[in-house]
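A.B. asks: Please read through the structure below; I'll follow up with questions.
Values quoted throughout were computed directly from the atomic coordinates according to the rules given, and no laboratory measurement underlies them. Worth saying up front: this structure is predicted, and the values here are computed from it rather than measured. We place every Cβ from the backbone using ideal geometry, glycine too, and count neighbours over all the protein chains shown.
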Amino acid sequence: MDRDQILITLRERILAFATSRLSRDQAEDLTQDVLAVLHAKYPQVTELVELVPLAFQVLRFKMLDAHRKALRRGEYNQESVEEMPLTDTGDDPMVQLDQKQRVDRLLTTITQLGERCRELFTWKLEGKSFPEIQQLMGQTSINTIYTWDLRCRKQLLGLMGGSWE
């Protein structure tokens, strides 16, 4: 019997043994790996009496390696993604209501401020910098804008009852 015929027979035996312990796909993969190792590293072994124990020893090593790899990756205790609950990324309805009430209260309070403070807050909310606001308000000193900002914030906080909440 030539080496190719021996390897075909040996492949069937290796596959049957691996399938008895693993899934069919894994067994096919391991069988191919074993035959590749025999072909690459042991071309000098041609007798069936030597090939069978060698092939099964390589198969056992390959199976242990696959088991260690699956254990290291945590494949034995994986949960199905379909069974896991989806997390709600949105805010809690209570938090949303609280935020809406705070914003409404803030907007109502801003209407009670003077014209200069309302303009200052509007430009700040638009993302304008203090030097830009200085030019818009026609002031020569930026410190005046800083002072107005401080006073307007204090006035707003006072109208809101001393708390932003």
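A.B. asks: What's the exposure ranking of LYS124, LYS154, going from fewest to most Cβ atoms within 10 Å? Could you put the intermediate results ahead of the total?
C.D. replies: Numbers: LYS124 15, LYS154 10.
By the 10 Å Cβ count, ascending, the order reads LYS154, LYS124.
A.B. asks: Then there's this: Find the relative contact order for the chain and round it to a whole percent, using C-alpha pairs within less than 8 Å whose residues are 6+ positions apart.
C.D. replies: Values: 66 pairs, mean separation 25.5, N = 165.
Dividing the mean separation by the residue count of the chain yields 15 percent.
A.B. asks: Tell me the label-point distance for the pair ASP4, PHE130, using the 7 Å Cα-to-Cβ offset, in nm and rounded to one decimal.
C.D. replies: For ASP4 paired with PHE130, the spin-label model returns 8.7 nm.
A.B. asks: Under a point-charge model restricted to the Cβ atoms of Lys and Arg (+1) and Asp and Glu (-1), what is the dipole moment magnitude of the chain relative to its Cα centre, in debye to the nearest 20?
C.D. replies: Numbers: 22 positive and 25 negative charges, 146 e Å.
Dipole magnitude for the chain comes out near 700 debye.
A.B. asks: Right, something else. Arrange the following residues from fewest to most other Cβ atoms within 10 Å of their Cβ: VAL103, VAL37, VAL58. Intermediate values should be presented prior to the final figure.
C.D. replies: Working: VAL103 10, VAL37 16, VAL58 20.
Ascending number of Cβ neighbours within 10 Å: VAL103, VAL37, VAL58.
A.B. asks: Relative to the first principal axis of the alpha-carbon coordinates of the chain, what is the inclination of helix 142-159, with its axis defined by its Cα atoms, in degrees from 0 to 90 and to the nearest 10?
C.D. replies: Long axis of 142-159 versus the principal axis of the chain: about 90 degrees.
A.B. asks: I need the phi-derived Karplus couplings for region 109-123: 6.51 cos²θ - 1.76 cosθ + 1.60, θ = phi - 60°, integer Hz, Gly and Pro marked x.
C.D. replies: Here the 3J(HN,Hα) series is 5, 4, 5, 7, 7, x, 4, 4, 5, 4, 5, 4, 5, 4, 5 Hz.
A.B. asks: Could you please state, rounded to a whole Å, how far the C-alpha centre of region 1-64 is from the C-alpha centre of region 122-165?
C.D. replies: 81
A.B. asks: Please determine, in degrees from 0 to 90 and to the nearest 10, the orientation of helix 3-21 with respect to the longest principal axis defined by the Cα atoms of the chain, where the helix direction is its Cα long axis.
C.D. replies: That works out to roughly 50 degrees.
A.B. asks: Tally Lys and Arg at +1 and Asp and Glu at -1 over the other residues with C-beta under 12 Å from the C-beta of ALA66: what net charge comes out? Don't skip to the answer; put the middle values down first.
C.D. replies: Working: positive: ARG21, ARG60, LYS62, ARG68, LYS69, ARG72, ARG73; negative: ASP25, ASP29, ASP33, ASP65, GLU75.
Once all neighbours under 12 Å are counted, the net charge is +2.
A.B. asks: While we're looking at this one, here's another question. Of the listed values (1) 30, 20, 13; (2) 23, 18, 16; (3) 82, 21, 11, grab the one calculated as semi-axes √(5λ) of the Cα gyration tensor in Å from the structure here.
C.D. replies: Given (1) 30, 20, 13; (2) 23, 18, 16; (3) 82, 21, 11, the calculated one carries the label (3).
A.B. asks: Follow-up question, since we're still on this one. With a 10 Å Cβ neighbour count serving as the proxy for reagent exposure, in which order, fewest first, do LEU156, LEU125 appear? Spell out each step's value before the answer.
C.D. replies: Values: LEU156 17, LEU125 9.
Fewest-to-most ranking of LEU156, LEU125: LEU125, LEU156.
A.B. asks: Another one. Which one, TRP123, PRO85, SER23, is farthest towards the positive end of the dipole of the chain when Lys and Arg carry +1 and Asp and Glu -1 on their Cβ?
C.D. replies: Farthest along the dipole direction, towards plus: TRP123.
A.B. asks: Ok, one more. Before rounding to the nearest 500, sum -39500 (n - 2.57) across all DSSP H runs of length at least 4 in the chain and divide by the residue total; then give [θ] at 222 nm in deg cm²/dmol. Walk me through the numbers on the way to the answer.
C.D. replies: Numbers: 7 runs with 118 residues, N = 165.
The per-residue figure over the chain is -24000 deg cm²/dmol.
A.B. asks: Using the Cβ atoms and a cut-off under 13 Å, what net charge is assigned to the surroundings of THR46, where Lys and Arg are +1 and Asp and Glu are -1? Walk me through the numbers on the way to the answer.
C.D. replies: Working: positive: ARG3; negative: ASP2, ASP4, GLU47, GLU50.
Once all neighbours under 13 Å are counted, the net charge is -3.
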